[in-house]
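**Q** Have a look at this one before I ask anything.
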Amino acid sequence: MTPQSPPTIGVLAIQGNFAQHAQALAEAGAEADEVRKPDQRAGLDGLILPGGESTTILRFLEKLNFFDVLQDFCGDKPVFGTCAGAILLAREVRHPAQRSLGLLDAVVERNAYGRQIDSTILTAQTELPGGPLEMVFIRAPRIVETGAGVEVLARRDGFPVLVRQGSIMAATFHPELSTDRRVHRMFVETVMAATPPCEREQNQEQKQVLRLR
Ligand code: GLN
């Protein structure tokens, strides 16, 4: 095992775009694992909460007794929420209000750009090196407020669309639906920086054992 060995990153696979995220993580140099039950968090170095329908994901999380477990896990390990996942991470959700994990110091307004018809692909400058980034928005939420600890990496019409707060990342668009892997690579690097190589090695072994069961 070297400091470069890949991290194991879970993708919450209850509903939504989880398969594309797993593929994107593999392309960005991580080992990806789909997570459907609370005990599958064991051996993960980080987690992606995908886009989909946040109300549906929330309902399943509550039914599976997964909400509190996820809140603890994501308070401790790097997490990346995209679209519905960003809604789940927010401190406050509006339009309408709903329960959230409250880990990202941001206020998010759901479906802020209209209905399904307002799904858009934009290409814009961001803080990421490497030139303009394609961003796919599908019934996207809008981040209407961010706390002082939240770094804004990209905006749409002046509102943040890609943010980072320590090892929490959130995007209101779907980076897994573009071919550009810079956003996933940034998350993989965040996970690597947050997890010492010995811990990654232990987690990798634990995951391998669990996969064999
Ligand atoms: N509109 C969805 C919600 O409110 C999010 C859409 C998405 O994840 N693409 O949960």
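The values are calculated or read from the model by the stated rules, or taken from the named source; none is laboratory data. As the structure is a computational prediction, the values presented were derived from the model and not from experiment. Note that we place each Cβ from the backbone using ideal geometry, even for glycine, and neighbour counts take in every protein chain shown.
**Q** Only one of (1) in contact with a Phe, Trp or Tyr (Cβ under 6 Å, 6 or more places away or on another chain); (2) away from the ligand (no atom under 16 Å from the Cβ); (3) over 24 Å from residue 201 (Cα atoms) is not met by residue 65, so which one is it?
**A** Among (1) in contact with a Phe, Trp or Tyr (Cβ under 6 Å, 6 or more places away or on another chain); (2) away from the ligand (no atom under 16 Å from the Cβ); (3) over 24 Å from residue 201 (Cα atoms), residue 65 violates only (1).
**Q** Looking only at the range 115-154, count how many residues are within 12 Å of the ligand (Cβ to nearest atom), touching a Lys or Arg at 6+ places or on another chain (Cβ under 8 Å) and not in a strand (DSSP E or B).
**A** Looking only at that region, the number is 6.
**Q** Please state which of the following conditions residue 73 fails to meet, knowing it meets all the rest: (1) touching a Leu at 6+ places or on another chain (Cβ under 9 Å); (2) within 16 Å of the ligand (Cβ to nearest atom); (3) not aliphatic (A, V, I, L, M).
**A** Here residue 73 meets the rest and fails (2).
**Q** Another one. Which pairs have Cβ atoms under 6 Å, sit 6 or more apart or on different chains, and link a residue in the range 177-195 that is of a type in the set (Phe, Trp, Tyr) to one that is outside any helix (DSSP H, G or I)?
**A** As it stands, the answer is 187/80; 187/169, since those pairs meet every condition given.
**Q** OK, next. Restricting to the range 28-55, name every residue that is of a type in the set (A, V, I, L, M), under 16 Å from residue 169 (Cα atoms) and touching a Ser or Thr at 6+ places or on another chain (Cβ under 8 Å).
**A** 48, 49
**Q** Let me ask something else about it. Against the condition modelled with pLDDT of 95 or more, away from the ligand (no atom under 13 Å from the Cβ) and within 29 Å of residue 60 (Cβ to Cβ), how does residue 173 come out, does it pass?
**A** It is false that residue 173 is modelled with pLDDT of 95 or more, away from the ligand (no atom under 13 Å from the Cβ) and within 29 Å of residue 60 (Cβ to Cβ).
**Q** From the list 89, 122, pick out the single residue that is in contact (Cβ under 8 Å) with a residue 24 or more places away in the chain and farther than 21 Å from residue 165 by Cβ.
**A** 122
**Q** I've got another one for you. Taking into account only those residues within the range 131-177 that are surrounded by 18 or more Cβ atoms within 10 Å (Cβ to Cβ) and among the small types (Gly, Ala, Ser), which is nearest to residue 97 (Cα to Cα)?
**A** 140
**Q** Could you check the range 187-202 and list, in sequence order, the residues that are part of a helix (DSSP H, G or I) and surrounded by fewer than 19 Cβ atoms within 10 Å (Cβ to Cβ)?
**A** Passing the criteria: 189, 193, 194, 197, 198, 199, 201, 202.
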